[in-house]
Structure formats: structure tokens, C-alpha cells
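Visitor: Sharing a structure below in C-alpha cells format, with a few things to ask.
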Amino acid sequence: MKKKEIVILAIVVVVLAAVLLLMNVIGGNGQRKLVITIDGQEYQTITLTEETNMHFTVETPDGVNEVVITNGVVDVVSADCHNQVCVDTRPASKVFDKIVCLPHKLILEIVGDNGEVDYQ
Amino acid sequence: MKRNSTRYLTFMAMMITLALILSYFETLIPAIPIPGAKIGLPNLVTLLVLSTLGFWDALVILIIRTTIVSMLFTSVLSLAYSLSGGILSLVIMFLVIRFLKDRISIVATSVIGATMHSVGQVLCAMLIVESFSLATLLPILILISIVTGMIVGFSAKFTLKHFNLMLRKGTT
Ligand SMILES: [Zn+2]
């Protein structure tokens, strides 16, 4: 690798790390809710607190995903999709965290409740 | 190497086999717990073929490899998903090599390719789930790509030395 490349790469890494840190800071405080989207359509929204404990199954047209919420931390524990990426994805708890099941066109994402992370 | 020579066919078959082995090997390594993050070991083959033979040869290997992998290990939907990342990555690496040639190292080319692979996959995933919210995955995915791109790039660098020897021997 050339010197110039290392410098550019270092800058890119620092910028990305700063963005991630910023996302972490923004996502760290305030109300959180879990938004479940299937094929671009909002399916369900659940407000999350430290005391949210749930166990339910999301039924999509392409298959099912079993979701467990423990103390406000969301995790997909099982799914009948072929790649199991959603099951392998680490649990989501902070704003911007998300669990995606592409085969089922399903997104589980944590969103801030004050409207600062609003899409669509 | 002539495209209709036995040498060429053998070489391409070897490269496809190598790519398949690397794809399989990658499924054995525990996944990085981020949707879409992979080490991208098969990109090593794309990079090697791209820098020794050319764009079309690398494209042929990419398409055959992703088709076989999706038939063996995954499904048709993931074919679109991996092809979108693979082709974007290949095109950008080709342009980088074409226009910067000696001014860019193979490691940097690999890092750019790995990054583009992630970007392509996220774009395709956005189309599949019809949501822009996946864009927030990009910073972490690109950061991971830089690391994996360097791993693949350094592997390519060391392999190329021997590769060039092999290709030059008895050119017919
Ligand atoms: Zn899944």
C-alpha cells in the first residue's frame, strides 16, 4: 500500500468512526420504539422500556419469524428463512439498531420516539 | 492466453473451483453479527482474474460462481443480492485499475471493491424490503469492508507473484 492510500484510508476510517459515535450518542437517550415493517408496509409498533418483555411470532407472506423482547432488547430467536441472517444478527436495543430478514422482506428497527429518525 | 485454448479453459475452471471452495469456507466461519457483513473471500478470485486476465473473464467467473453458490447453499433471491454487490464491486475495481493503473496498489483496489460490494448489497436490500432505513447500516458495513478488503488485498498481493509465473510459463 502506498503512503497516500494509507492517509486517505485513515481519514475515511476516522470519519466513519465519528459517524458511528454520533449515531450512538443520538440513539443513546430518549424514548425508543420497535417498528416492524414487512415489504415496505408498517406492520406493528411497540414502545420499548426497560420492562418490555414479549414473545411473539411475526407472520409474513414468505414465512414466520419468532421475536423475543427481553428487558427492552429485541432479538429474533428463530425463523424459517433459508439464510438465518436475522437469527444470527445480534439483538437490537439502541436507536438505529436493526434486524433484517431479506427473504421475508422484514425489518425490525429501533426508532427514537421523538421523530428524529423518521423515514418514508 | 487465447480464450479458446485448453489452457484458458483449465485456468477458468480452476478459478471457479477456487471461488467455490472459498465461498464454502466462508460459510464455515462464524458470521459477523451484522446483516450483510461477510469477509468476501471469493472476491480474491475476482481480483486475481481481473488483474491478470481482464474484465470479461472476471465477470464470467463471478456470474458462474454466484449462480452455483446460490443453487447449492442459498436461494434465487440471494442470487440477485450477491450479484448486485459483486457486479458493482467488479465494475468499480475494473475502472480503478483501468484509470489509475500503477498509481494504485492492489490492496487499495481490493478495499474499494469490498466497500462497493457492501454498498451494492445494501442498495439491493433496500429495493427488496422497500425501505431507505437500511442506509444506517452503511457506516459499520463500510468499516468492516475496509478490514476485509485489506485481508483479501494482501492475500491477492502475495498470490499474484506466483500467479504471474504460472501464467507466463509456456504461453501458447
Ligand atoms: Zn431471516
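Visitor: Return, in residue-number order, each cysteine of chain A whose C-beta is not under 4.7 Å from any other cysteine's C-beta.
Guide: When partners are defined as cysteine Cβ atoms under 4.7 Å apart, chain A leaves A:81 without one.
Visitor: Right, here's the next one. Could you work out, residue by residue across B:104-110, how many beta carbons of other chains sit within 10 Å of that residue's beta carbon, and then give the average as an integer? List each step's numbers first, then the result.
Guide: Values: counts 4, 5, 1, 5, 7, 1, 0.
Average neighbour count from other chains, rounded to a whole number: 3.
Visitor: Based on the Cα gyration tensor of the range B:53-117, what are the three equivalent ellipsoid semi-axes, each the root of five times an eigenvalue, rounded to whole Å and given largest first?
Guide: 25, 12, 8
Visitor: About its Cα centre, what dipole magnitude does the protein assembly as shown give when the only charges are +1 on Lys and Arg Cβ and -1 on Asp and Glu Cβ, stated in debye to the nearest 20? Walk me through the intermediate numbers first.
Guide: Working: 21 positive and 20 negative charges, 488 e Å.
Here the size comes out at about 2340 debye.
Visitor: If you count, for each residue, the other Cβ atoms within 10 Å and average over each peptide, how do A:98-106, B:100-108, B:51-59, B:88-96 line up from highest to lowest? Please list the in-between numbers first.
Guide: Numbers: A:98-106: 24.3, B:100-108: 15.3, B:51-59: 17.3, B:88-96: 20.2.
Descending mean neighbour count gives A:98-106, B:88-96, B:51-59, B:100-108.
Visitor: Also, quick follow-up: All other residues with a Cβ under 13 Å from the Cβ of residue B:29 taken together, and with Lys, Arg as +1 and Asp, Glu as -1, what is their net charge? Write out the running numbers ahead of the final one.
Guide: Details: positive: B:38; negative: A:88, B:26.
Local net charge: -1.
Visitor: Quick one: how many Å² of residue B:63 are accessible to a 1.4 Å probe, rounded to 10?
Guide: About 70 Å², ignoring ligands and nucleic acids.
Visitor: I've got another one for you. Leaving out ligands, DNA and RNA but keeping every protein chain, what accessible area does residue A:50 have, in Å² rounded to the nearest 10, with a 1.4 Å probe?
Guide: 130 Å²
Visitor: Rounded to two decimals, what is the ratio between the C-alpha radius of gyration of chain A and 2.2 N^0.38 Å? Each step should come with its number before you reach the end.
Guide: On the way: Rg = 16.9 Å, N = 120, 2.2 N^0.38 = 13.6 Å.
Normalised by 2.2 N^0.38 Å, the Cα Rg of chain A equals 1.25.
Visitor: At a Förster radius of 51 Å, what calculated FRET efficiency corresponds to the Cβ-Cβ distance of residue B:158 and residue A:64, to the nearest 0.05?
Guide: Details: r = 46 Å, r/R0 = 0.91.
The formula returns an efficiency of 0.65 here.
Visitor: Then there is this: Starting with the highest mean, order B:110-118, A:33-41, A:17-25 by the number of other Cβ atoms within 10 Å, averaged over the residues of each peptide.
Guide: Values: B:110-118: 26.9, A:33-41: 18.0, A:17-25: 12.7.
Taking the mean over residues of other Cβ atoms within 10 Å, the ranking is B:110-118, A:33-41, A:17-25.
Visitor: If you take each beta carbon of peptide B:137-144 and count the beta carbons of other chains within 10 angstrom, what is the mean? Show your work: numbers first, answer last.
Guide: On the way: counts 4, 2, 10, 5, 1, 5, 6, 0.
If you average over the peptide's residues, the count of other-chain Cβ atoms is 4.
Visitor: Taking 21 Å as the cut-off for C-alpha to C-alpha distance, list the pairs among A:4/B:101; A:98/B:38; B:2/B:157; A:2/B:157 that go past it. Present the calculation step by step, with values, prior to reporting the outcome.
Guide: On the way: A:4/B:101 15 Å; A:98/B:38 17 Å; B:2/B:157 25 Å; A:2/B:157 13 Å.
Going by Cα-Cα distance, B:2/B:157 fall outside the 21 Å limit.
Visitor: Which helices of chain B meet both criteria: a Cα extent of 18 Å or more along the helical axis and a mean Kyte-Doolittle score no lower than 1.6, with helices taken as whole DSSP H segments? Each step should come with its number before you reach the end.
Guide: Details: long enough: B:6-28 (33 Å, 1.25); B:55-72 (25 Å, 1.84); B:76-100 (35 Å, 2.09); B:106-129 (34 Å, 1.80); B:138-168 (41 Å, 1.40).
Those that pass (Cα extent of 18 Å or more, hydropathy at least 1.6) are B:55-72, B:76-100, B:106-129.
Visitor: What number results when the radius of gyration of the range B:6-169, computed over Cα atoms, is divided by 2.2 N^0.38 Å?
Guide: On the way: Rg = 15.3 Å, N = 164, 2.2 N^0.38 = 15.3 Å.
Normalised by 2.2 N^0.38 Å, the Cα Rg of the range B:6-169 equals 1.00.
Visitor: What is the sum of charges around residue A:80, taking Lys and Arg as +1, Asp and Glu as -1, for the other residues whose C-beta is under 11 Å from the C-beta of residue A:80? Mind showing how you got there, number by number?
Guide: Values: positive: none; negative: A:59, A:62, A:66.
For residues surrounding residue A:80, the net value is -3.
Visitor: Sticking with this structure for a sec: How fast does the protein assembly as shown diffuse by Stokes-Einstein, in µm²/s, taking the Kirkwood radius from C-alpha pairs at 37 °C and 0.692 mPa s? Walk me through the numbers before you get to the answer.
Guide: Working: Rh = 20.5 Å.
It comes out at roughly 160 µm²/s.
Visitor: In Å², nearest 100, what accessible area do chains B and A bury in total when the solvent probe is 1.4 Å?
Guide: On the way: alone 9700 and 7680 Å², together 14830 Å².
Buried area (both sides, nearest 100 Å²): 2600 Å².
Visitor: Further, regarding this structure: For the range A:4-20, what does the Karplus curve 6.51 cos²θ - 1.76 cosθ + 1.60, with θ = phi - 60°, yield as ³J(HN,Hα) per residue in whole Hz, taken in order and with x for Gly and Pro?
Guide: 3J(HN,Hα) across the range A:4-20, in whole Hz: 4, 5, 5, 4, 4, 4, 4, 4, 4, 4, 4, 4, 4, 4, 5, 4, 4.
Visitor: Right, next: For the protein assembly as shown, what is the calculated [θ] at 222 nm in deg cm²/dmol (nearest 500), taking -39500 (n - 2.57) for each run of four or more DSSP H residues and dividing by its residue count? Can you show the working numbers first?
Guide: Values: 8 runs with 161 residues, N = 292.
It comes out at -19000 deg cm²/dmol, rounded to the nearest 500.
The values are calculated or read from the model by the stated rules, or taken from the named source; none is laboratory data. All values derive from a computational prediction rather than experimental measurement. Please note: Cβ atoms are built from the backbone with ideal geometry, for glycine as well, and neighbour counts cover all protein chains shown. We work out accessible area using only protein heavy atoms, side chains counted, and drop any ligands, DNA or RNA first. Shrake-Rupley method; radii C 1.70, N 1.55, O 1.52, S 1.80 Å.
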